[in-house]
Amino acid sequence: MALLPPPQGWSAYDGVVPGIEVWDQFDHDPRIPANAAMRSSDRDRAVIESVLADAFAEGRITRAEYDERTDAAIASRTLGDLMPLVEDLPVARAPRSSVDDLHRQAVRKWEGDRREALLGLVGLSALLWTIWAVTMWGEFPWPLFPMGFALMNLVRVVARKQDIIDEHVRELEKKERKELKKREDGI
């Protein structure tokens, strides 16, 4: 039985644990040279230790290397001290989102937009109708006008779902290209 080669660009470990990106666990990205002089926290050291533990478990480094690098991580004072410990491991590469990941993020963003539009309509309606009921009961129902605008916004978000998702995907792709360029330029 012949095994198929892995898809192009695929690697066994690219620094992404499902749902958790290693570099997002830092307050300041240690890959950015401007952050190299910042003091590292216990959490920063723990993140590097977990990357080293994963690399040891995968057989990428020996026990001696693991011990040496872990001791260095514990003794590190700045973020710049941490990067050399993982530079030769796959996690040091910049992650690239797949098309499906970008689409899922864009859909989540649209769902957030829809939720905000709905909560805006409901919250505005509750507030304005309460004010109307307390101050002008039985008179002209003026809250209908602001509610109409909030309802139009909700209808716009729902009706333009695919356009909004496509726009979010383009924004995410642009942001990712910009971040990759910054990393390549060493900013």
Study note, to complete from the structure: Among (1) modelled with pLDDT of 80 or more; (2) in contact with a helix residue (DSSP H, G or I) (Cβ under 7 Å, 6 or more places away or on another chain), ARG31 falls short only on (1)
Check your understanding: Among the listed residues LEU127, LEU144, LEU118, LEU154, which satisfies the condition of being touching a residue at least 40 places away in the same chain (Cβ under 8 Å), outside the structural domain of ARG31 (by TED's automatic domain parsing) and of a type outside the set (Asp, Glu)?
Key -> LEU154
Check your understanding: Failed condition for ASP163, given (1) touching a Phe, Trp or Tyr at 6+ places or on another chain (Cβ under 8 Å); (2) part of a helix (DSSP H, G or I), with all others met?
Key -> (1)
Exercise for review: For the range 139-151, state whether one or more residues are surrounded by 13 or more Cβ atoms within 10 Å (Cβ to Cβ) and under 30 Å from LEU102 (Cα atoms).
Suggested key: yes
Point to revise | Qualifying residues in the range 54-72 (those that are of a type outside the set (Val, Ile, Thr) and in a loop (DSSP other than H, G, I, E, B)) - the one surrounded by the most Cβ atoms within 10 Å (Cβ to Cβ) | key: ARG60
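The values are calculated or read from the model by the stated rules, or taken from the named source; none is laboratory data. Fair warning: this is a prediction, and the values are worked out from it, not measured in the lab. With ideal geometry, Cβ positions are generated from the backbone for all residues, glycine too; neighbour counts draw on all protein chains shown.
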